[in-house]
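First the structure, in the form of C-alpha cells, and then the observations on it.
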Amino acid sequence: MNRWTIPVLFVVALAALAVAPFVGMEPIPLQSLWSRSGDGWSFDILWQLRIPRVVAAFLAGAALSTSGMAFQAMFRNPLATPFTLGVSSGASLGAAVCIQQQWIFLFWGVPSVTLAAFLGAVASIVVVYALTAGSRRGSSTATMLLAGVAVSFFFSSLILFLQYISDFTRSFRMLRWVMGGLEGVVTFGDVLTLTPFVVSGSLIVWYLTHELNLLCTGEEFAHSRGVDVRRTKLALFFAVSLMIGAVVSVCGPIGFVGLVAPHICRLLVGPDHRRLLSASWLFGGTMLVVCDTAARTVMAPTELPAGILTALLGGPFFLWLLLRRRDELGDL
Amino acid sequence: MTRPSDGRIVIEARRLGCTIGRKPILRDVSFQVRQGEYVSIVGPNGAGKTTLLKCLDRIVVGQISGELDIEGRSWRGWRQSDLAKLAALVPQADSRAMPFSVEQFLLMSRYPHLSPFATVRASDHQAVREAMAATDALEFAGRRMDTLSSGERQRISIAAALAQGATVWLLDEPTTFLDYRHQDEILALVASANRRLGVTVVAVTHDLNHAVLESDRILALCDGSLVFEGRPADVMEPGVLRRIYGAAPLLVAHPETGMPMIVPRGGVLKTSEEPPR
C-alpha cells in the first residue's frame, strides 16, 4: 500500500481540483471553461469565483497541513498546530482592529482587512522571536512554545476587548472573521497574494525534511548528527509563520486542518518527512477544497464558514483512522 | 593487545568551564584524548559528566569558558556538520522512540554526508547495511524503533555511530537500563570498534567495574572538577574512590584479570539501621 499512497493522493487532489469548481448552487456546464456561450454568467462564476476560490483553498490547506507537520516535528509535540505560536491570534487582532476602526480600502488590490491581518501576524512573529531570542537559553523549544501561547492568549484577550466595545455589526464581523472561511476570495488577486508565501514556505520545509526527521527524534541527537539546530528551528519558525500569516490573512484562522491532516498522513505514509511532506501537502489541500466546497453547498444559498466544517468532517474521519491503525502511530 | 597511547591528540581541554545560569557545572577541567584511546569518565551523580560530554560535541548548554580544541581547532570554529563526520554522540537510551523503521533511523545518521537537496544515495544505503552487519542488527532492519527492547535500541545507537562514519564516539552511559548480558554485548561492540577500527571512545559511565576493564584511562569528575586522571588500576583504591564518591566500597580481585572490582556490601539495612516503614 505504501508505495502507491502518494500517487493516489496526487490523483485524488487533481480530481478534487477538477470537480470542485463545477459543484455549487449554480450548475455550471463544462463548456463554460472555455466559452461564454449561453448566458455568459457561468463563465464568470467559474473563472472569477469558483476556480480562484478552489485554488486558494488548496493552497491554504496545503500550507496549513505542511506547517502543522513541521511544528509537530520541531516541538516533538503531537498537539502542535500552525497556530500554536500565536500567528493566528496576531492576524485576528489585526483584522479586528481594522474592522473596529472601519478602515475599508484596497491597497494594490489587497483588501485592508487582509493587510491588517498580515501586519498582525508579522507583529506576533516578531514578538515571539524577540521573547525567545532574548532568553538565556537561546531559542529553546519550551521557551518558544510558552512565549507563543502567552502571546496568543494576550492577543485573544485584546480581540475580546475590541468585540466588547464595538457595536453589534462590527462585533459580529469580527466573530465571523475569526471563524475562518474562503468566502472573501474573489478573482485571482488573493491567489496571487498567497502563492509566493505558500510556495517559498513549502520549499523551505521541503529543503529541511532531513532535519525534521532528526529533530523529531531528538534535538541533541540531531545536533550530534550535524544539524545546526538553532538555525534550522529559526528557519522553520520564520518560513512557517510567514506562510501561515499570509494564509490566515486571506482565509481567517481555519482550524483543525493543521492539527489533523499531518497525523492522518503519518498513518498513511509513516513518519519519514521526505514522504510525509508530499502527503501532507496533497492531503491538506484536498481536505480544505472538500470542506470549502461542502461549506458553500450544504446549506446553499447560505454559506457555512469552512472553519466549522474542517473539524466536523475531519474529526470523525481521523477518529475512524485512529481506531483502525492506532498501533502504527507511535508517539508522533 | 596494542593500545595506541602515543596517537595524535584528538581532544584537548584546557581549563574548560561551563556555567548554567549561575551554577558552575564544570570548573577548570583540563585533559587530552588521543587517537584510538578508550577513556571513561566517571564520578557521582551531578558531577558534570554528561555536561562535559555534551561540550565535546558542541552542544552548548550554558556559558563556556576556557579552551577546547578538537583536532587542533577551537570548538567555536567548527561547523556542526563537519564535526558530525568526526564525532558521534551516543545518547542515553531514549524512552521516546519514534515509529521510524530501523533502516530509516540509521539513514538519518548519514546526514553529515548528504549534500543539500541530495537524496539518499546507494553509498548511504551501503554504509547503513555495513553498520547493521557489524552490530548483528540486520535481522531487525525492517522493525520499528519503538518496538525494540532497550538492548536492541542501544545496539542500533551503536550502529548509528558506525553509519555516521564518526571516528570519535561519545557514549553517554551506554549500559544503563541493560541486563548484564546485553551490557557485555554492547561493550563488546564498542571495544571491537575501538580495537579494530581505531575508533576513539569517550564514555561517561556509572559502571566502574566495566570502565576499569575496558578503558585505557579513567577521568573522574567530582563537583565539576577533575579529581582523578590515570590508569584504571589506580582508580580502584579505597582512598581514591572515597575522594571521588565520598564513600569507600568493598573491593575484591577479578578472578581472571586480578583487577579490583566493586561488589555490593549487601545487608546494610539489616545490620546498621531499622528498615524504612
Gaussian network model of chain A, springs between alpha carbon atoms under 10 Å - residue of A:Ser112, A:Ser67, A:Ser37 with greatest fluctuation: A:Ser37
Comparing B:Gln154, B:Gln104, B:Gln63, which has the greatest mean-square fluctuation in the GNM of chain B with Cα pairs linked when under 10 Å apart? B:Gln63
Computed on alpha carbon atoms, what radius of gyration and Dmax characterise region A:94-193, expressed in Å? 15.9, 48
Interchain or sequence-distant (5+) residues whose placed amide H lies within less than 5 Å of the amide H of B:Leu219 are B:Ser40, B:Ile41, B:Val42
Other-chain or far-sequence residues with amide H under 5 Å of B:Ser101's (modelled H): B:Met145
Expected max-MSF residue from B:Ser115, B:Ser149, B:Ser40 in the GNM of chain B (alpha carbon, under 10 Å) is B:Ser115
So the pair-distance distribution of region A:169-237, from every Cα-Cα distance in 5 Å bins, comes to percents of 3, 14, 16, 13, 11, 11, 11, 10, 8, 3, 1, 0
Where does the Debye-calculated log10 I(q)/I(0) of the protein assembly as shown sit at q = 0.07 Å⁻¹, using only Cα point scatterers of equal weight, no solvent? -0.54
What are the ³J(HN,Hα) couplings of region A:207-212, residue after residue, when phi is run through the Karplus curve with 6.51, -1.76, 1.60 and θ = phi - 60°? Round to Hz, x for glycine and proline. 5, 9, 5, 4, 5, 5
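Evaluated at 37 °C with a viscosity of 0.692 mPa s, what Stokes-Einstein diffusion coefficient in µm²/s does region A:33-119 have when Rh comes from the Kirkwood expression over alpha-carbon pairs?
Working: Rh = 15.8 Å.
Reported coefficient: 208 µm²/s.
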Selection from B:Thr19, B:Ser225, B:Ala137 lying farthest towards where the dipole of chain B points positive, charges on Cβ: B:Thr19
What is the Cα centroid distance between region A:199-241 and region A:1-43, reported in whole angstrom? 36 Å
³J(HN,Hα) computed for each position of region A:293-307 - Karplus, 6.51 cos²θ - 1.76 cosθ + 1.60, integer Hz, glycine/proline x: 5, 4, 4, 9, 10, 4, 10, 3, x, 6, 9, 8, x, 4, x
The distance between the Cα centres of region A:74-101 and region B:218-264, in whole Å, is 57 Å
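What is the mean projected area of the alpha carbon convex hull for region B:1-64, to one decimal in square nanometres? Could you put the intermediate results ahead of the total?
Numbers: hull surface 19.8 nm².
Seen from a random direction, the Cα hull of region B:1-64 projects 5.0 nm² on average.
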Convert each backbone phi in region A:310-315 into a coupling constant with the Karplus relation 6.51 cos²θ - 1.76 cosθ + 1.60 (shift: θ = phi - 60°), then list the ³J(HN,Hα) values in order as whole Hz, x for Gly and Pro. 4, 6, 5, 8, x, x
Counting sequence-distant residues (5 or more places) and residues on other chains, those with an amide H built under 5 Å from that of B:Leu171 are B:Val90, B:Val202, B:Ala203, B:Val204
Largest first and in whole Å, give the semi-axes of chain A's equivalent ellipsoid, each being the square root of 5 times a Cα gyration tensor eigenvalue. 32, 26, 17
Taking only the alpha-carbon positions of chain B and ignoring solvent, what does the Debye formula give for the base-10 log of I(q)/I(0) at q = 0.08, 0.16 Å⁻¹? -0.36, -1.32
Count of lysine pairs in the protein assembly as shown with Cα separation under 20 Å (8 or more residues apart, or interchain): 4
If you look at just the Cα atoms of region B:40-82, how large are its Rg and its Dmax in Å? 11.5, 33
Using the Kirkwood radius over C-alpha pairs as Rh, can you work out the diffusion coefficient of region B:99-189 via Stokes-Einstein at 25 °C, viscosity 0.890 mPa s, in µm² per second? 182 µm²/s
If you project the alpha carbons of region B:17-161 onto the principal axes, what extent comes out on each, in Å, largest first? 46, 33, 30
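For region B:216-257, what does the equivalent ellipsoid look like in terms of its semi-axes, each the square root of 5 times an eigenvalue of the Cα gyration tensor, given largest first in whole Å?
Numbers: eigenvalues 76, 37, 7 Å².
Largest first, region B:216-257 gives 19, 14, 6 Å.
Work out the length of the dipole vector of chain A about its Cα centre, built from +1 on the beta-carbon of each Lys and Arg and -1 on the beta-carbon of each Asp and Glu, and round it to the nearest 20 debye. Intermediate results must be reported in sequence, preceding the final value.
Values: 21 positive and 16 negative charges, 113 e Å.
Roughly 540 debye for chain A.
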Report, as a whole number in µm² per second, the diffusion coefficient that Stokes-Einstein gives for region A:228-332 at 37 °C and 0.692 mPa s using the Kirkwood radius over alpha carbon pairs. 216 µm²/s
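Among the chymotrypsin sites (Phe, Trp or Tyr not before Pro) within region A:1-76, which fall in a DSSP loop and have no more than 10 other Cβ atoms within 10 Å of their own Cβ?
Values: sites: A:Trp4, A:Phe10, A:Phe22, A:Trp34, A:Trp41, A:Phe43, A:Trp47, A:Phe58, A:Phe71, A:Phe75; in loops: A:Trp34, A:Phe75.
Taking region A:1-76 and a limit of 10 other Cβ atoms within 10 Å, the loop chymotrypsin sites (Phe, Trp or Tyr not before Pro) found are A:Trp34.
Readers should treat all values here as calculations from the given coordinates under stated rules, not as data from a laboratory. Note that the structure is a prediction, hence the values are computed from the model and not measured. Methodologically, a virtual Cβ is constructed for each residue, glycine included, from the backbone with ideal geometry; neighbour enumeration extends over all protein chains shown.
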